[in-house]
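In what follows, a single structure is set out as structure tokens and then discussed.
The values are calculated or read from the model by the stated rules, or taken from the named source; none is laboratory data. Because the structure is a prediction, the values reported are computed rather than measured. Every residue, glycine as well, gets a Cβ built from its backbone with ideal geometry; the counts of neighbours run over all protein chains shown. To get the accessible areas, we keep the full protein, side chains included, count just its heavy atoms, and leave off ligands, DNA and RNA. Shrake-Rupley method; radii C 1.70, N 1.55, O 1.52, S 1.80 Å.
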Amino acid sequence: MKKIFKINVVFLLIILLTTLISNVPSTKTFSSINNKKVYAAKISPVGLLTNKYTTVLNLEMKKKAPIIVLSANGYTEKITDAALNRAINTTKDINNVENIRVTKHYSISKKKRVFVGYSLKINYKKVQNTSILNQINGQATIDQQSYLQRLDFFLLDKHKESNNKLNYEIAKAIFEGKSSIFIDKSLYSGDIKILSAALEDVLYSYSDFAYLRQIRYSSDSKGTTLNFGYSLTQQEILKMNLGLYDVIKNTASKIETKVNEANTIEEKIKIIHDYIAYNLSYDVDFLKTGDEQQYARDSHAYYALTTNKAICGGYSSAFQRLAKYFGIDSIIVVGTSDGEGHAWNKVKVGDAWLHVDVTFDDPIMYGYSSKNVIRYDYFLKTDEEMSKTHKWN
């Protein structure tokens with residue numbers, strides 16, 4: 001079977017690293033189309049003003065400001081109306097806004113009425129501190145303590161708020177499937193390179209974030225607004241991300257006795273490796289369609305361990321999370337193999353970091369009909385050994 005793998009996070013990072021740190025206007029939009037074309041799209045006056053309004057609204061709504069004043073900035077009423085509507089639609093839900101009353105303001109000059117801007121009266125929803133979500137596909141209410149437990153578990157202790165507030169806020173926003181987030185300048189000292197590095201760190205850390213399809217940004221003197229586009233609905237994103245805690249615990253219980261009885265860390269890693277290779281099958285149907293929604297699901301450990309189907313991102317994430325559950329240091333490596341984007345793992349054994357590629361060790365990848373034929377061609381390999389078939393930075 002031809003080895004075909006996709007890992008779209010690389011393309012997102014290309015976009016970020018080649019645009020955020022360059023001297024381009026901060027109001028341009030950067031996207032990837034079918035993972036083949038990277039381009040900068042010219043932004044219209046409405047889009048430009050929308051970015052400005054969105055940044056101001058996010059900042060003021062975050063402070064729960066009851067009144068927000070917006071200038072027309074010299075644009076026509078038609079342009080500002082369109083921009084304001086877009087900005088309100090982007091910001092109201094993520095800031096728990098109940099309703100907004102918009103008043104237009106004009107000045108009279110030489111008997112001529114000139115439009116100058118808006119004042120917005122904001123009413124906010126009353127949000128209970130004990131509830132982060134009301135319903136997810138009929139599931140019971142999730143209280144704040146359970147939410148934080150699941151968030152910390154998902155973030156693998158890597159992006160704790162106390163360690164790095166900037167990276168934590170970005171990872172948390174993508175975890176929740178938020179459409180946008182405002183990053184105060186104090187978190188990245190106004191240096192766009194620091195913000196770019198934080199985005200790179202977050203995106204490289206989680207194969208589960210494959211549902212992130214687009215990142216846009218706009219900056220002003222107070223900070224930067226990041227706008228995210230996803231291939232899955234927020235409801236499905238939350239279902240998978242919040243549900244991962246219970247799925248990993250349930251999966252770990254099936255091999256916990258064996259892992260605890262193992263005498264060496266190598267034996268423990270082998271048990272995890274074998275469980276994933278036995279129980280997961282590469283989603284060959286995805287290769288026929290290339291469907292972006294299925295790509296996102298197949299790259300997520302929740303979907304992989306509940307359906308037993310995955311692509312390389314799902315294999316590597318499931319391995320990483322089970323290894324972490326049993327106290328084994330593991331990271332995801334993003335690179336290429338046979339010229340195709342690919343993801344696998346590295347684990348710490350003693351003082352050494354060794355490679356494990358469960359996807360390539362799965363017998364189904366080589367046409368074996370029996371799951372009993374597990375390969376170890378890519379198990380606990382050194383950098384030198386792995387570099388013969390894999391490439392990474």
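Under 30 Å of direct C-alpha separation, and excluding same-chain neighbours fewer than eight residues apart, residue 288 reaches these lysines: 2, 3, 6, 36, 37, 239, 309, 346, 371, 388, 391. Residues whose amide H falls under 5 Å from that of residue 283, counting only those 5 or more places apart or on a different chain, are 310, 311, with hydrogens built in the peptide plane. The rule of thumb for compact globular proteins, 2.2 N^0.38 Å, goes into the C-alpha radius of gyration of the range 238-356 1.06 times.
Amide hydrogen proximity for residue 214: with H placed 1.01 Å from N in the peptide plane, the residues at 5 or more positions away or on another chain lying under 5 Å are 229. For the range 188-224 versus the range 72-117, the spacing of their alpha-carbon centroids is 29 Å. In order along the range 288-295, phi translates into HN-Hα couplings of 6, 10, x, 4, 5, 5, 5, 4 Hz, rounded to whole numbers, per the Karplus curve 6.51 cos²θ - 1.76 cosθ + 1.60 with θ = phi - 60° and x for Gly and Pro. Each residue of the range 221-230 was assigned a 3J(HN,Hα) from its phi angle through the Karplus curve 6.51 cos²θ - 1.76 cosθ + 1.60 (θ = phi - 60°); the sequence is 5, 9, x, 10, 9, 9, 10, 10, x, 10 Hz, with glycine and proline shown as x. The mean sequence distance of close C-alpha pairs (under 8 Å, at least 6 residues apart), as a share of the length of the range 148-245, puts its relative contact order at 35 percent. Each residue of the range 93-104 is assigned a 3J(HN,Hα), and the resulting list reads 5, 6, 10, 6, 8, 7, 7, 10, 9, 9, 10, 8 Hz, derived from the Karplus form 6.51 cos²θ - 1.76 cosθ + 1.60 (θ = phi - 60°), x at Gly and Pro. Computed over protein heavy atoms with a 1.4 Å probe, the accessible surface of the range 146-237 works out to 37 Å² per residue.
Using the Cβ of residue 388 as centre and a radius below 11 Å, the other residues enclosed give a net charge of -2, where K and R count +1 and D and E count -1.
Backbone amide hydrogens, once placed in the peptide plane, bring residue 116 within less than 5 Å of 105, 106, 107, excluding anything fewer than 5 places away on its chain.
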